[in-house]
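The values are calculated or read from the model by the stated rules, or taken from the named source; none is laboratory data. Source: prediction; values computed, not measured. Ideal geometry is used to build each Cβ from the backbone, glycine not excepted, and the neighbour counts take in all protein chains shown. These area figures cover heavy atoms from the full protein model, side chains too; ligands, DNA and RNA do not enter into them. Shrake-Rupley method; radii C 1.70, N 1.55, O 1.52, S 1.80 Å.
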Amino acid sequence: EVAKLGKPEGEPTKSPQHLLMKMAEGQQRIEGHKLDFRDEIYRHIFKDGDDTPTGSIDFDISVSDNGKKSGAPGLSKVTVTDWKRIGRLRFTEAIASYNADHVVQFHHPGWRDTLNDPKTAVRSGEKRVR
């Protein structure tokens, strides 16, 4: 669905098979024993003792259509090659809450027989159409 944003009606969609968010090169690594990822994020954004955010944490976003699956079903591994960097995501604020850890759910587009063709959707309006 994101691949269709801002695109003229009727223009074919091309969604990547694989997406990678990786801490940007040059981003300082946070050292510590048994750090929770939230502690790491906070240390990038907040100085010790401050409650006003003054820092940031950057991630490079890369995509690829070249992946090779290996291993047994259920225990398979995908090795992805030919990553193409398409942008950067910068976080300048952060908050942790019970809901974010336990309740938040992310919308995922319905399964399709053909990845880039919405007419091949298995479900429409929460009902199975095929």
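Assuming R0 = 35 Å, can you tell me the calculated FRET efficiency for the pair ASP50 and LYS22, based on Cβ-Cβ distance, to the nearest 0.05?
Efficiency, rounded to the nearest 0.05: 0.80.
Using heavy-atom solvent-accessible surface (probe 1.4 Å) with all chains present, what is the largest-first order of LYS7, LYS22?
Highest to lowest solvent-accessible surface, that is LYS22, LYS7.
Between LEU5 and SER70, what is the FRET efficiency for a Förster distance of 22 Å, r being their Cβ-Cβ separation, to the nearest 0.05?
0.05
Relative to the compact globular guide of 2.2 N^0.38 Å, what is the alpha carbon radius of gyration of the chain, as a ratio?
1.38
Quick one: ranking VAL103, VAL122 by accessible area, 1.4 Å probe, largest first, what do you get?
VAL103, VAL122
Could you give log10 I(q)/I(0) at q = 0.19, 0.23, 0.27 Å⁻¹ for segment 17-90, computed by the Debye formula over C-alpha point scatterers of equal weight, without solvent?
Log10 I(q)/I(0), no solvent term: -0.88, -1.01, -1.15.
Accessible area per residue for the chain in Å², computed with a 1.4 Å probe and the full protein assembly in place, what is it?
85
FRET efficiency for THR92 and GLU40, Cβ-Cβ distance as r, R0 = 22 Å, nearest 0.05?
With R0 = 22 Å, the Cβ-Cβ based efficiency is 0.90.
Report, ordered by chain and residue number, the lysines lying within cross-link reach of LYS22, taken as a straight Cα distance under 29 Å and ignoring same-chain residues fewer than 8 apart.
Within the straight-line limit of under 29 Å, LYS22 reaches these lysines: LYS4, LYS7, LYS14, LYS34, LYS47, LYS68, LYS69, LYS77, LYS84.
Report the Cα centroid-to-centroid distance between segment 39-59 and segment 6-24 in angstrom, as an integer.
Segment 39-59 and segment 6-24 have Cα centres spaced 30 Å from each other.
For HIS18, enumerate residues with amide H under 5 Å from its amide H, sequence gap 5+ or separate chain, H modeled in the peptide plane.
Long-range HN contacts for HIS18: SER64.
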